[in-house]
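What follows is a short report on a single structure.
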Amino acid sequence: MTRPYRRRSSLGDSGSGLTLRQRRRPVVFMLILGMVYLYWAYTHRDRGPERARGKSGTERTARRRPRRWAPLPVTRTFSMMGTRVNVTVVPPRKTNLETLIDGVRSEMARIESVMNAHDPTSFVSRLNDLPASTPLRVRPEEAEILDVLDEARRVSELSGGAFDITVASVGRLWDFDPHRPRIPTEEEIASAIDGIDYRQVVVDRATSSVLLAGEGARIDLGGIAKGTAIDRAVDYLTSHGIRSALVDAGGDVYVLGKKTRGVPWKIALQDPRDTTGVLATLTPENIAVVTSGDYERAIAIDGKRYHHILDPRTGMPAEGLISVTVFAPKAQTADALATALFVLGPERGMELAERLEGVEAILITEDRRMHATSGLKETLRSASE
């Protein structure tokens, strides 16, 4: 039997007015929309909006970028030039840190081997052992000594002889070891002081040789060698891709770049009469910071204090200051100038520091008052607050 054909109502069998397929469409749409939202929320979970102001002064919404990986500072310590050396670097990825530090140590050791007056094989010792006016040929590996002697002479001329490497002619008569201190007599100083004159050091670049013209003249590069070694350490670091580092050799420092994520390195200015006290905290960048103080090597005999920074004019410890800190582009220059300003005293020392381009200084007098060059006064005021 055949059934008669019956046409379906447009309202469907259920009478709801929609077919099953039509009823499913909004559900599927909502599911797709929900999945899109969840995907968007997941991919933007670390990019919350923040307000940023443009050049026109109108505000716009900026997406916060994810924080990038940043290396942490790493410090290695070793002994060199009679002091403790701390080398702190912020190494890029894939840097062999130990090889890098070994290179720094080798550079500083090379400088020490040439300029150490206590090493009988060094250039300085061999020169001091020669009779007056006898030239000493500079070996190829010692060629750097010529530049160091030129810089020493330049600072001597700038300071009117306040910095003088031939002060060793009298300095060798002193011993600032607290276990066996020695103060020379007036007669001993008088007989040796004629050997002090930086002009007696004659450098001949044509023959690559050096001689001491005066009888009894001797040199000691203790006031410039450590700064030279720091400069060579920094040169080595930068030549190997380091852009952020701090080289500290017994308180003489070079600050390279910033620490990490734009945060500056911090340098504490020590209280000369309280080794645990800090007078100010500074944040220098790409500059050497070198301090000379009467507390570094000193002895007390019969209630009187004697320190190692000798005045070339008298052969006795310089008076008037207890600490000098110099900021300069090169540690070598800062090292020599710190001694020169200390010997010159508060007034003449400040005059010289103000006159030199790219140089700033902090002088602390015997009454423990700080005096800063004009370029540092505001910085020092803020750091002390």
Qualifying residues in segment 158-178 (those that are within 22 Å of Gly216 (Cβ to Cβ) and under 26 Å from the mean Cα position of the chain (by Cα)) - the one surrounded by the fewest Cβ atoms within 10 Å (Cβ to Cβ): Ala162
Helices (runs of 4 or more DSSP H) contained in segment 282-385 and holding at least 3 residues crowded, with 16+ Cβ neighbours inside 10 Å and over 19 Å from the mean Cα position of the chain (by Cα): 331-344, 346-355
Some residue of segment 227-237 being loosely packed, with under 15 Cβ neighbours inside 10 Å and under 30 Å from Ile101 (Cβ atoms): yes
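Out of Glu357, Glu319, which single residue is within 28 Å of Asp235 (Cβ to Cβ) and not hydrophobic (A, V, I, L, M, F, W, C)? Please lay out each step first, then the result.
Details: Glu319 fails: within 28 Å of Asp235 (Cβ to Cβ).
That would be Glu357, the only listed residue that is within 28 Å of Asp235 (Cβ to Cβ) and not hydrophobic (A, V, I, L, M, F, W, C).
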Checking Arg232 against (1) outside any loop (DSSP other than H, G, I, E, B); (2) under 21 Å from Pro71 (Cα atoms), the condition it does not meet: (2)
Matching option when the condition is in a helix (DSSP H, G or I), modelled with pLDDT of 95 or more and either touching a Cys at 6+ places or on another chain (Cβ under 9 Å) or of a type in the set (D, E, K, R) (or both), among Arg218, Arg199: Arg199
Every pair of residues 6+ apart whose Cβ atoms lie under 6 Å, when the first sits in segment 150-176 and is in contact (Cβ under 8 Å) with a residue 40 or more places away in the chain while the second is among the acidic types (Asp, Glu) and crowded, with 24+ Cβ neighbours inside 10 Å: Ser156/Asp164
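The values are calculated or read from the model by the stated rules, or taken from the named source; none is laboratory data. Everything numeric here is computed off the predicted structure, so don't read it as measured data. Here the Cβ is made from the backbone with ideal geometry for all residues, glycine too, and neighbour counts use every protein chain on show.
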